[in-house]
Amino acid sequence: LSSCRNRLNASREVAPVSLPNCRLIKGIETGSEDIDILPNGLAFISSGLKYPGIKSFAPDKPGEIFLMDLNEDNPRAVELRISRGFDLASFNPHGINTYVDRDDTVYLFVVNHPHQKSTVELFKFEEDDNSLVHLKTIRHDLLTSVNDIVAVGPDSFYATNDHYFSDFLLMFLEMFLGLTWSNVVYYSPKEVKEVASGFYSANGINISPDRKYIYVADVLDHNVYVMEKHANWSLTHVKTLQLDALVDNLSIDPHTGDIWTGCHPNGMKLFYYDPENLPGSEVLRIQNILSEEPVVTRVYADNGSVLQGSSVASIYEGKLLIGTIFHRALYCDL
């Protein structure tokens, strides 16, 4: 039991760290679990995740993808229309990632959990009419419990499986027993393979600006793994950075290579939702992760009174956008 409590940081409380000019995004009330920002400042936000054992404020409402133009003075979140023929009723979006092709086509990869299964949905973004055209649904025996993805081509990606089991009770048992059966999978239409394993719960995944390294967050081991990517798409472990919090999604500053992550200060409050003792939020910035002395800064922390359950933090032009698993989204000046 004590090791399980340690994995969940059950006794941790955080001191608040505030930022100037923070405001909640209107229209996002039921989650903003993952955020990906294009180089031109368009931010995609996945909303409405229903995840076993985690609170949802709208359990019967299908998930949505929102778009925000961060170049605007007062950006608002606009729901993207999704093309006909896609099953919206069972849409349950989780991790997302964009890929911009050589011809400037923008592809959006979305982890989806229809009927508690795992698929990856591939969309093409049509900026003219704020819509997503559904191209295909990707299913595979190795994509069992997908949490997050990072695209490495117009139809290829790395994905994290956060659990070995997909059944909720077995998932809980897996966490309780501390099994390290979670992994990272490489997917392309030609080849699908496990490329890294031995995680307690592999969560956020992203890629360095030079495309040489893959970063993986292990949420229950409170750390970020640095993996070197090879020509055959295999990964080898370079180093592990240990942190205090449960690290969720990872965003990369394209200019500096800094890693920004939304974290859970206390996982127990997340799994046992109590309106009197809310799950808090925490944002960490990791500089120079490849160096001997990476610098980790707590940029934002809140006890849940403003923002509950932060899962992602992305920056653009001196602004920070913080998303949550099931709550709201916060936009701040840095």
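The values are calculated or read from the model by the stated rules, or taken from the named source; none is laboratory data. It should be emphasised that the depicted structure is a prediction, and the values quoted were computed from it without experimental measurement. Glycine gets a Cβ as well: all are built from the backbone with ideal geometry, and neighbour counts include every protein chain shown. The protein model used for the area step is the full one, side chains on, heavy atoms only, and it has no ligands, DNA or RNA in it. Shrake-Rupley method; radii C 1.70, N 1.55, O 1.52, S 1.80 Å.
Being under 21 Å from Asn9 (Cα atoms) and over 21 Å from the mean Cα position of the chain (by Cα) is the filter here; which residues of region 175-190 pass it?
Phe176, Leu177, Gly178, Leu179
So is Arg285 modelled with pLDDT of 95 or more, on the phi < 0 side of the Ramachandran plot and not in a loop (DSSP other than H, G, I, E, B) or not?
Yes; evaluated as a whole, the condition is true for this residue.
Collect the residues in region 79-94 that are aliphatic (A, V, I, L, M) and within 20 Å of the chain's Cα centre (by Cα), keeping them in residue-number order.
Leu80
Residue under question is Ile315, and the condition is that it be in contact (Cβ under 8 Å) with a residue 60 or more places away in the chain and under 24 Å from Asn161 (Cβ atoms); does it hold? Reasoning before the result, please.
Values: in contact (Cβ under 8 Å) with a residue 60 or more places away in the chain: yes; under 24 Å from Asn161 (Cβ atoms): no.
Taking the combined requirement at face value, the residue does not satisfy it.
Among the candidates Ser305, Ser281, single out the residue that is under 18 Å from the mean Cα position of the chain (by Cα) and of a type in the set (Ser, Thr, Tyr).
Unique residue meeting the criteria: Ser281.
Answer yes if at least one residue in region 219-242 is without any contact (Cβ under 8 Å) to a residue 60 or more places away in the chain, under 12 Å from the mean Cα position of the chain (by Cα) and within 21 Å of Val146 (Cα to Cα), and no otherwise.
The answer is yes, given that some residue of region 219-242 is without any contact (Cβ under 8 Å) to a residue 60 or more places away in the chain, under 12 Å from the mean Cα position of the chain (by Cα) and within 21 Å of Val146 (Cα to Cα).
Output the strands (runs of 3 or more DSSP E) that fall wholly within region 185-272 and possess 2 or more residues being open to solvent by less than 40 Å² (accessible area, probe 1.4 Å) and aliphatic (A, V, I, L, M), or say none. It would help to see each step written out before you state the result.
On the way: elements: 192-199, 202-207, 213-218, 223-229, 235-242, 246-252, 259-264.
Strands (runs of 3 or more DSSP E) meeting the threshold: 192-199, 202-207, 213-218, 223-229, 235-242, 246-252.
Give the residue that is surrounded by the most Cβ atoms within 10 Å (Cβ to Cβ), with candidates limited to residues of region 64-84 that are within 22 Å of Gln116 (Cβ to Cβ) and in contact (Cβ under 8 Å) with a residue 40 or more places away in the chain.
Per the stated criteria, the residue is Ile65.
So, in region 119-158, how many residues would count as being among the small types (Gly, Ala, Ser) and within 15 Å of the chain's Cα centre (by Cα)?
Our first condition is that a residue be among the small types (Gly, Ala, Ser); within region 119-158, this holds for 131, 145, 151, 153, 156.
With within 15 Å of the chain's Cα centre (by Cα) added as a condition, the list becomes 145, 151.
Residues in region 119-158 being among the small types (Gly, Ala, Ser) and within 15 Å of the chain's Cα centre (by Cα): 2 in total.
Restricting region 285-334 to residues that are buried (at least 19 other Cβ atoms within 10 Å of the Cβ) and among the hydroxyl-bearing types (Ser, Thr, Tyr), which is farthest from Gly257 (Cα to Cα)?
Of everything passing the filter in region 285-334, Thr324 is farthest from Gly257 (Cα to Cα).
Identify the residue in region 111-160 that is on the phi > 0 side of the Ramachandran plot and part of a helix (DSSP H, G or I) and, among all such residues, is most open to solvent (accessible area, probe 1.4 Å).
The selected residue is His115.
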